[in-house]
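This report concerns only the one structure given below.
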Amino acid sequence: MMLEIKNLHARLADGREILKGVDLSVDDGEVHAIMGPNGSGKSTLAAVLAGRDGYEVTEGSVTYRGRDLFAMPADERAREGVFLAFQYPVEIPGVNNMYFLRAALNAQRRHRGEPELDAGQFLRVVRQKLKLLDIADDLLQRAVNVGFSGGEKKRNEVFQMAVLEPRLAILDETDSGLDIDALRVVARGVNGLRTPDRSIVLITHYKRLLDYIEPDHVHVLQDGRIVQSGGKELAAELERRGYGTFGEQPEVAASA
Amino acid sequence: MSASLETQQTIRSLSDEGYKYGFVTDIESDSAPPGLDEDTVRFISAKKDEPEWLLEWRLAAFRAWREMPEPEWAKVEFPPIDYQAASYYSAPRQQATPKSLDEVDPELLRTYEKLGIPLREREILAGVAVDAVFDSVSVATTFKGQLAELGIIFCSFGEAVKEHPELVKKYLGTVVPQNDNFYAALNSAVFSDGSFAYIPPGVRCPMELSTYFRINARNSGQFERTLLIADKGAYVSYLEGCTAPQRDENQLHAAVVELIAHEDAQIKYSTVQNWYPGDAEGKGGIYNFVTKRGACRGARAKISWTQVETGSAITWKYPSCLLEGDDSVGEFYSVAITNNRQQADTGTKMIHIGRNTSSTIISKGISAGRGQNTYRGLVRVQPRAQGARNYTQCDSLLIGDRCGAHTVPYIEIRNPSAKVEHEATTSKISEDQLFYCRQRGIKDEDALSLIVNGFCKEVLKELPMEFAVEAQKLLAVSLEGSVG
Ligand SMILES: Nc1ncnc2c1ncn2[C@@H]1O[C@H](COP(=O)(O)OP(=O)(O)OP(=O)(O)O)[C@@H](O)[C@H]1O
Ligand SMILES: [Mg+2]
């Protein structure tokens, strides 16, 4: 099992509970889509899994490849193969994109006991992935995300994923803000990374993405809980009916 | 959750590594007894076998110093210094001037090796000529012969006084007069050694010239003087590095650097200052009270100062440019880090005297722990400086919430045609940036140094290659224990 989330509760520093008992199991090689209205806790779930500061886990457990995820600090989770494509990628002025990514890859390689790559070797690894994501060479020489367009930032996230080759990738609205061509490119990139031992969690608002990247399971996260799970037909249903109907389910309404 | 706590702990544990250059070399030395009066000045001058004119020059400085109050305007705090308690001369006991490295005490050579500055010819740093100053005297200068073929003089100050008195006499004190300020006057009275370089007209110095300063002795100050002259159309790049042992008491370092660039000459002066900063509670560390100034004497002369200030308990330093020649150019690129209890009050003075002179100031201040970091800069445009231009950019980065950053620009414009631009920003290190790095697998301390290096990029890229790498590592070490 890649990821097993059980009854996960998490709250903000101010005490407000955002995740109110999330259950989710992701098997090796599976693609899961998480949909849900704004503010329902999707990014919070991603942040808690990645180990971001500012959230307190009050209940529940998360097991990642047999290990207690919360026993590892954020950077170790990453080195163990957990990757988060950020909804809002961060700018790091003055830090060359390529230098950054090589530092990341080498940190992970060291962790796995593999030799580090020098600039030349790294460039060879990177070249083919660039092509896969249709990214211009010069993007590598610019500061991390600085002055990137919205679409470039998202593509850069998937490019990083392609280079780092994680076991578990969580893509937080990587499709938002992409034009249709870019969406196809990103989807091609992600599909190219689908392997039997890599799992992907796609957070999205749009069925459109799921037309390109076919999920094995679709979940609806609402008010900090997964209220519905199904196959990819669930996305189509959501698109027709909206989230409102799920919110009206009695057990959800009662505990809100 | 506790990610920031984790960050803190990782970095704490790393900080045990601490200051790497804090060892003491066990070597016999000749020291002057503590105290400072005219006899001390005579003692030093006699030790160095100096000509009468230089003794008189020192005495004039001493008399001026005695009348001067210590400056109090800088935003730094320290208990009063007892100038009578320090010793003003300390030299490793060995032959006066070693003729070759074979005559240099092996213990000294080992010290420099440990510091990463090998002085033996076979191990010498490629492309860098080094003058190594240990406490008060220069112990070795490398690549001298090769430089001499081009007419370049590169030697210790003491040697220059003996071998090239006419040059020393002509230029000494012409940029920083003896009575310029309290610390410069003190230096002028008691300076012991330092480096001297002269690049003849039209010569491009083929390698980096470098001075490596090392304070070793206890209870001694270090007062060295550097005098650098680039004659018409000459070019030189000069590097300065420094370290000191880890001691509980504060030690004074009051150096003077004078640069002279003639017509079409260019001097690039880079410093990586890594004096012992004191411990986390602010005990010990070097007081670095230094006067550095360059004069662009001729038209189109250019002087660039680049400094990375990571060490010292207190830094008081304003490398400046007197832009006398028309179309001359002054540049100041600075990174100053203060962590724990360190204090830095640093900046520059750009004095526009000639026409169409231009200056650029890029200052990056990083404060962590309880560090206090002040940028203090003066841009003055004299009435004759028609068409003068200045661009100033001061960025401050705060790590944690107990440190401080201050920007104090002075702008004096006496010619209406001047164009002066000043930009300043202050930001906190962003949790988002740190998390982004960590999420890619980069460890906390590496993430921090990555971000800080990015912040300093515009300055670091001005450093010669060999130094840039060193500086990057130093930034990381200096920030240990600073996230939390
Ligand atoms: N660090 C934080 N500080 C304050 N509030 C937060 C923080 N993180 C999440 N929240 C709040 O928690 C709730 C859930 O936010 P989250 O970002 O997880 O929603 P989301 O499902 O990703 O929404 P969207 O579809 O708009 O991206 C929101 O009310 C949000 O304002
Ligand atoms: Mg979100």
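The table below lists the values:
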item	result
Strands (runs of 3 or more DSSP E) fully within segment A:175-249 counting 2 or more residues that are open to solvent by less than 10 Å² (accessible area, probe 1.4 Å)	A:199-203, A:217-222
Filter result for A:D68 (away from ligand 1 (no atom under 16 Å from the Cβ), more than 15 Å from the chain's Cα centre (by Cα) and either of a type in the set (A, V, I, L, M) or more than 9 Å from chain B (Cβ to nearest Cβ) (or both))	yes
Within segment A:215-256, tally of residues that are more than 25 Å from A:V48 (Cβ to Cβ) and modelled with pLDDT of 95 or more	0
Matching entry among B:S358, B:S363, B:S367 (being in contact (Cβ under 8 Å) with a residue 12 or more places away in the chain and farther than 17 Å from B:Y410 by Cα)	B:S367
Residue among B:E324, B:E309 that is open to solvent by 10 Å² or more (accessible area, probe 1.4 Å) and not basic (K, R)	B:E324
Verdict on A:D53 being among the acidic types (D, E) and either away from ligand 1 (no atom under 14 Å from the Cβ) or closer than 30 Å to A:F122 by Cα (or both)	no
Long-range neighbours under 6 Å by Cβ, at least six apart or interchain, first residue touching a residue at least 12 places away in the same chain (Cβ under 8 Å) within segment A:170-183, second within 11 Å of ligand 2 (Cβ to nearest atom)	A:I170/A:A46; A:D172/A:S43; A:D172/A:A46; A:D172/A:Q87; A:D172/A:I203; A:E173/A:Q87; A:E173/A:I203; A:D175/A:T204
Failed criterion for A:E157 (all others in (1) more than 16 Å from ligand 1 (Cβ to nearest atom); (2) within 14 Å of another protein chain (Cβ to nearest Cβ); (3) not polar (S, T, N, Q) hold)	(1)
Some residue of segment A:87-102 being under 23 Å from A:L19 (Cα atoms) and within 9 Å of chain B (Cβ to nearest Cβ)	yes
Residue in segment A:45-63 that is open to solvent by less than 20 Å² (accessible area, probe 1.4 Å), within 14 Å of another protein chain (Cβ to nearest Cβ) and part of a loop (DSSP other than H, G, I, E, B) present	yes
Residue within segment A:75-83 that is outside any loop (DSSP other than H, G, I, E, B), open to solvent by 10 Å² or more (accessible area, probe 1.4 Å) and within 16 Å of ligand 1 (Cβ to nearest atom) present	no
Conditions (1) within 16 Å of ligand 1 (Cβ to nearest atom); (2) within 13 Å of chain B (Cβ to nearest Cβ); number of the one not met by A:Y206	(2)
Cross-chain or 6+ apart pairs with Cβ under 8 Å, segment A:13-27 first and farther than 15 Å from A:T58 by Cβ, then away from ligand 2 (no atom under 16 Å from the Cβ) and open to solvent by 70 Å² or more (accessible area, probe 1.4 Å)	A:D23/A:K6; A:S25/A:M1; A:V26/A:M1; A:D27/A:M1
Scope segment A:124-160; condition under 14 Å from A:N97 (Cβ atoms), in a helix (DSSP H, G or I) and out of contact with any helix residue (DSSP H, G or I) (no Cβ under 8 Å at 6 or more places or on another chain); matching residues	A:D138, A:K153, A:E157
Of all residues making up segment B:350-373, the number that are surrounded by fewer than 24 Cβ atoms within 10 Å (Cβ to Cβ) and farther than 19 Å from B:H262 by Cα	5
One residue from A:R124, A:R67, A:R109 being surrounded by fewer than 20 Cβ atoms within 10 Å (Cβ to Cβ) and touching a Pro at 6+ places or on another chain (Cβ under 9 Å)	A:R109
Sole exception among (1) assigned to a loop (DSSP other than H, G, I, E, B); (2) within 14 Å of chain A (Cβ to nearest Cβ) for B:R402, by number	(2)
Identity of the residue in segment A:127-165, charged (D, E, K, R) and open to solvent by less than 20 Å² (accessible area, probe 1.4 Å), that ends up modelled with the lowest pLDDT	A:K154
Residue in segment B:64-72 that is closer than 30 Å to B:I399 by Cα and modelled with pLDDT of 60 or more present	yes
Any hit, segment A:19-31, residues being farther than 19 Å from A:R198 by Cα and within 10 Å of ligand 1 (Cβ to nearest atom)	yes
Breaking point among (1) within 14 Å of another protein chain (Cβ to nearest Cβ); (2) within 16 Å of ligand 2 (Cβ to nearest atom); (3) exposed (fewer than 15 other Cβ atoms within 10 Å of the Cβ), for A:L171	(3)
Any hit, segment B:381-388, residues being within 30 Å of B:S449 (Cβ to Cβ) and touching a strand residue (DSSP E or B) at 6+ places or on another chain (Cβ under 6 Å)	no
Test result for B:R380, among the basic types (K, R), more than 26 Å from B:Q342 (Cβ to Cβ), more than 14 Å from chain A (Cβ to nearest Cβ) and within 26 Å of the chain's Cα centre (by Cα)	yes
Condition met for A:A74 (of a type outside the set (V, I, T), more than 16 Å from ligand 2 (Cβ to nearest atom) and within 8 Å of another protein chain (Cβ to nearest Cβ))	yes
Residue in segment B:452-465 that is over 30 Å from B:Y238 (Cβ atoms), out of contact with any Pro (no Cβ under 8 Å at 6 or more places or on another chain) and in contact (Cβ under 8 Å) with a residue 24 or more places away in the chain present	no
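For every residue, the table says whether it meets (1) within 23 Å of A:G81 (Cβ to Cβ); (2) more than 10 Å from chain A (Cβ to nearest Cβ).
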{"position": "B:K419", "(1), (2)": "no, yes"}
{"position": "B:H422", "(1), (2)": "no, yes"}
{"position": "B:T425", "(1), (2)": "no, yes"}
{"position": "B:D432", "(1), (2)": "yes, no"}
{"position": "B:C437", "(1), (2)": "yes, no"}
{"position": "B:L450", "(1), (2)": "yes, no"}
{"position": "B:F455", "(1), (2)": "no, no"}
{"position": "B:E458", "(1), (2)": "no, no"}
{"position": "B:P464", "(1), (2)": "no, yes"}
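For every residue, the table says whether it meets (1) over 19 Å from B:L448 (Cα atoms); (2) of a type outside the set (G, A, S); (3) outside any loop (DSSP other than H, G, I, E, B).
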site: B:I351; (1), (2), (3): yes, yes, yes
site: B:S359; (1), (2), (3): yes, no, yes
site: B:K364; (1), (2), (3): no, yes, yes
site: B:L378; (1), (2), (3): yes, yes, yes
site: B:N390; (1), (2), (3): yes, yes, yes
site: B:Q393; (1), (2), (3): yes, yes, yes
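Okay, residues lined up against (1) within 14 Å of chain B (Cβ to nearest Cβ); (2) within 13 Å of A:F86 (Cα to Cα); (3) acidic (D, E); (4) more than 14 Å from ligand 2 (Cβ to nearest atom):
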residue	(1), (2), (3), (4)
A:L12	yes, no, no, yes
A:D23	no, no, yes, yes
A:D28	no, no, yes, yes
A:I34	no, no, no, no
A:G41	no, no, no, no
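The values are calculated or read from the model by the stated rules, or taken from the named source; none is laboratory data. Note that the structure is predicted; figures quoted are calculated from it, not measured. Neighbour counts are summed over all protein chains in view; Cβ atoms, including those assigned to glycine, are modelled from backbone coordinates with ideal geometry. Accessible surface areas use protein heavy atoms only, side chains included; no ligands, DNA or RNA. Shrake-Rupley method; radii C 1.70, N 1.55, O 1.52, S 1.80 Å.
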